[in-house]
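One structure is given here, and the rest of the page talks about it.
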Amino acid sequence: MKELHSEQFVVDAKGRKVSVLLDVAAYNKLLEDLHDLQVVARRRNNPKLSLKEFKTRLKK
């Protein structure tokens, strides 16, 4: 996957980074990643299946 390195920083009068500008593609990628992490967190305590059980259910 292509890496997105298009951020630009906004600095204050002392040169400290205070904000960041991202292109829309980079922003959307971050939103997708955040959504994926939320799904993983919600499913963390779901019952687990063995590989054998998963394959059995998949064949049905």
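How much length, in nm to one decimal, is gained on full extension between SER19 and LYS59, taken as 0.36 nm per residue of separation minus their Cα-Cα distance?
Extending this stretch completely gives an extra 9.3 nm.
What are the ³J(HN,Hα) values, in whole Hz, obtained from phi via the Karplus relation 6.51 cos²θ - 1.76 cosθ + 1.60 with θ = phi - 60°, for each residue of segment 20-26 in sequence order, with x given for Gly and Pro?
Karplus values, whole Hz, x for Gly and Pro: 9, 10, 10, 6, 4, 4, 5.
Over the chain, what per residue volume does the convex hull of the Cα atoms give, in whole Å³?
Normalising the Cα hull of the chain by residue number yields 154 Å³.
Read-outs: derived from the displayed coordinates by stated rules, not from any lab. Just so it is clear, the model here is predicted, and its values are computed rather than measured.
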